[in-house]
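Note sheet for the following structure.
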Amino acid sequence: MSLRREGPVTDRLLNLLRGHPGPDPAATGGHDEPIAEHSPMTRRQAVAIFESAIQSRLQDLLSREMKDKGLSYYTIGSSGHEANAILGALLRTTDTAFLHYRSGAFMAARLRKGRGETPFFDAMLSFCASAEDPVSGGRHKVLGSHTTFVPPQTSTIASHLPKAVGYAMALSRMERLGLSAPVPHDSVVYCSFGDASMNHATAQAGFHAAGAAMLHHQPCPILFVCEDNGIGISVKTPDGFVARMMRERCGIEYFACDSQDYPGVWATALAAIDFARSRRRPVFFHLTTVRLMGHAGSDVEANYKSLDEIEANEARDPLLGFVDLLLRTGALTRDQILAIYQDTDERLRRAAAEASNRPKLTTVAAITTPLQLPRTGDLRPIVATREQRLRAFDGKLPEDDSRPRHLAFRIPQALTDLFLALPNAFLFGEDVARKGGVYHATTGLQATFGPGRVFNTILDETTILGLAQGMAQAGCLPFPEIQYLAYIHNALDQIRGEAASLQFFSNGRCANPMVVRVAGLAYQKGFGGHFHNDNSIGALLDIPGLVIGVPTRADEAVTMLRTMTACAAQHGKVCLFLEPIALYMQKDLHAANDGLWQSTYPPPEELLPLGEGRIYDAGDDDELLIVTYGNGLWLSLRAQKRLREQGIRARVFDLRWLAPLPYAQVRAHAHATGRVLVVDECRHTHGGPSPLLLADLCQDPTLEHCRFKRIAATDSYVPLAAAANLVLVQQDDIERAALALCEEQVR
């Protein structure tokens with residue numbers, strides 16, 4: 001028994017060709033006549049589908065050869081799934097496609113209608129991880145096309161479904177608002193995946209969001225295509241699982257066909273596409289397929305299947321039946337099919353030989369270029385006209401009002417200003433519309449901009465962030481709100497694996513620009529539980545290319561929000577605006593009614609420099625630097641006053657930005673004081689930025705005589721009521737740590 005099944009699969013197809021008796025004498029009809037009675041698919045169209053299918057099959061075989069020679073790095077193929085070429089042929093090139101990794105034939109058919117691509121060579125550049133790969137620049141083997149609206153996807157396991165739904169929902173909303181989109185407003189969205197992927201909660205979130213859209217009377221023209229091969233690596237999908245899950249799914253129309261019958265797939269696909277396009281409703285297209293040669297080149301099916309099972313599966317190769325149909329109907333002769341096969345193989349091999357010699361990524365700078373953040377000088381203020389602003393603010397501009405205000409009062413003003421200047425900006429999430437958010441941080445926005453631009457979503461963070469990605473790729477600038485910090489962990493991969501990674505895997509040519517507003521951090525008096533009083537952001541700090549800011553003062557919340565909006569709108573960045581809940585309504589700093597934690601409104605052109613912190617009350621004779629952020633700033637400034645009363649001269653540094661962290665500024669102030677106390681309100685073990693800061697300080701040889709200390713919250717969830725104070729950093733903790741550090745002799 002051969003453990004490698006490329007040979008047996010290929011031999012079965014070639015043996016069919018060589019031994020086929022030829023056309024049925026009763027077969028008649030020209031090239032533009034239907035190839036089967038039950039389908040409008042013509043012989044000419046069938047030939048084109050075969051050319052795409054055989055290209056995909058031969059790419060799979062060649063990728064495995066190249067992997068054996070050390071020339072290629074990816075062998076997950078599309079063999080047995082080639083019927084998706086039919087969907088690639090029938091859809092418009094402007095029907096944006098979010099693809100499963102077994103969509104090689106879809107791409108081959110799609111690119112037959114492309115503009116300027118060299119499909120054979122481009123595929124080989126991708127296999128070889130060449131820096132000249134036009135889709136990812138050598139960063140991953142991806143299926144994509146920047147000219148035919150196929151955003152690059154990596155090894156998707158259903159994580160792309162929510163953003164595909166978001167894109168579909170964006171089209172009609174943009175049309176109603178008169179906004180232009182990169183594709184026609186009557187486009188549909190194509191989203192393919194495997195049967196095993198349906199087990200993921202992310203897939204179910206996508207289906208649920210699409211179905212819910214129908215119940216809310218919101219158009220959602222998406223074509224979910226499940227390529228059901230009955231197995232996930234080695235785990236069998238239960239018989240009937242897909243059909244039973246989806247046939248009666250609320251709000252989604254179900255279509256089914258089998259890739260053993262290519263003409264039948266063509267007819268069913270036509271009907272499904274027409275339904276989605278004309279009715280603007282979601283469709284579930286259940287395509288039964290066959291997986292050949294294992295999950296990937298490294299997968300030995302004999303480890304979990306008997307030889308009889310493997311051979312029975314290979315006998316169901318859909319190309320066998322399709323080739324038989326082509327020959328029986330006279331659409332192609334045996335010699336013509338062999339010629340297509342051999343010519344395609346030769347062209348792919350020539351392309352592979354050339355691609356294997358093309359440049360690779362060889363420097364860190366080249367690899368990380370798409371992740372680079374803009375400099376402050378690269379950001380332009382986004383300001384509406386004075387007339388627009390006067391109308392929106394009832395004739396009195398907020399910067400002309402001398403009364404200081406608190407954080408939650410300024411945030412909706414800042415959003416109003418930005419939305420006036422950006423007609424493609426949308427704000428959405430749970431309870432953000434008429435209610436104005438749980439903490440009133442979106443008060444009045446729906447009244448000003450209408451329900452088309454400010455609206456509630458279903459209560460699911462995966463859907464919220466997926467909608468944001470889809471809208472962003474459709475040309476909008478989304479401001480999704482996640483109601484509490486802990487809730488983002490329900491859907492973190494929508495940021496980590498999808499939104500923040502797109503610029504990287506598209507070599508900077510695609511982006512998910514957005515500003516994600518998150519209410520979070522701890523110190524909410526009386527609240528408990530990790531959902532509403534969460535103090536861990538470690539999972540966010542390791543996401544490459546993500547901008548994270550924590551505003552603590554009302555005026556800086558305004559300017560930081562403007563900077564993030566410019567990063568997103570002008571540079572395609574994913575930005576996370578982490579709003580400290582405990583400071584939303586805070587007005588005082590040192591004493592009741594002192595009003596020192598309120599601010600006036602900054603001029604509309606003012607930005608907060610990206611990655612730049614702020615120093616408070618620095619003096620030439622300071623003996624301590626306190627580095628902090630968020631609630632820690634409020635606590636540290638109070639402690640600073642108490643320390644000075646005890647003769648300790650301390651300056652306080654507010655990081656403001658957690659990504660990028662202002663490392664250089666912290667080092668400079670550490671040099672000036674000789675002692676550094678890092679106050680981190682997040683959990684002690686990897687909860688916040690303090691380990692990153694201390695690692696950077698400790699690696700600076702010029703700071704070898706500097707003394708460092710850190711205080712952070714206990715590694716615990718936050719309990720209810722006064723017990724919370726036992727696990728969170730308190731003002732007294734800061735004072736004690738500062739005094740102890742200053743008592744130590746600086747060497």
Just to be sure I understand the model, the point goes 7 Å from the Cα along the line to the Cβ. What's the resulting GLN342 to THR376 distance in nm?
6.9 nm
Expressed in nm to one decimal, what extension gain is obtained for the pair ILE367 and HIS216 from 0.36 nm per residue of sequence separation less their Cα-Cα distance?
50.0 nm
Result row for the chain, helices from DSSP H with C-alpha axial extent 30 Å or more and mean Kyte hydropathy at least -1.0, is 43-68, 334-355
Tell me the net charge near GLU606. Cut-off is 12 Å between Cβ atoms, GLU606 excluded, with +1 for each Lys or Arg and -1 for each Asp or Glu.
-4
Dimensionless Rg ratio for region 641-732, taking C-alpha atoms and the 2.2 N^0.38 Å reference
1.19
May I ask for the Kirkwood hydrodynamic radius of region 509-577, worked out over all distinct Cα pairs and given in angstroms to one decimal?
13.4 Å
Roughly speaking, what % of Cα-Cα pairs in region 308-406 are separated by over 20 Å, rounded to a whole number?
76 percent
Report, please, the projected area of region 577-698 averaged over directions, based on the convex hull of its C-alpha atoms, in nm².
8.7 nm²
Got the relative contact order for region 376-583 handy, in percent, Cα pairs under 8 Å and 6 or more residues apart?
22 percent
Relative to 2.2 N^0.38 Å, what does the C-alpha radius of gyration of region 376-583 come to as a ratio? Two decimals please.
0.97
Starting from the alpha-carbon convex hull of the chain, give the projected area averaged over all orientations, in nm².
35.8 nm²
Taking all pairs of distinct alpha-carbon atoms in region 654-693, Kirkwood radius in angstrom:
10.9 Å
Candidate cut points under GluC sites (Glu not before Pro) in region 679-738, DSSP loop plus at most 13 other Cβ atoms within 10 Å of their own Cβ, are GLU704
Exposure-ranked with fewest Cβ neighbours within 10 Å first, SER306, SER130 stand as SER306, SER130
Listed by chain and number, the residues whose amide H is under 5 Å from that of GLY232, excluding neighbours fewer than 5 places away on the same chain and using placed H, are THR237
Here the percent of antiparallel bridges among DSSP beta bridges lying wholly in the chain, to the nearest 5, is 20 percent
Over all directions, region 201-322 yields a Cα convex hull whose mean projected area in nm² is 8.4 nm²
Region 428-493: spread of alpha-carbon positions along the three principal axes, whole Å, largest first, is 33, 28, 16
Cα extents of region 147-253 along the principal axes, largest first, in whole Å, come to 48, 33, 18
Hey, with R₀ at 25 Å, roughly what FRET efficiency would SER298 and GLU65 work out to, going by the Cβ-Cβ distance, to 0.05?
0.95
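The numbers here are math on the coordinates, done by the rules we state, and not lab data. Bear in mind the structure is a predicted one, so any value in this text is a computation, not a measurement. Glycine also receives a Cβ, built like all others from the backbone with ideal geometry; neighbour counts cover every protein chain displayed.
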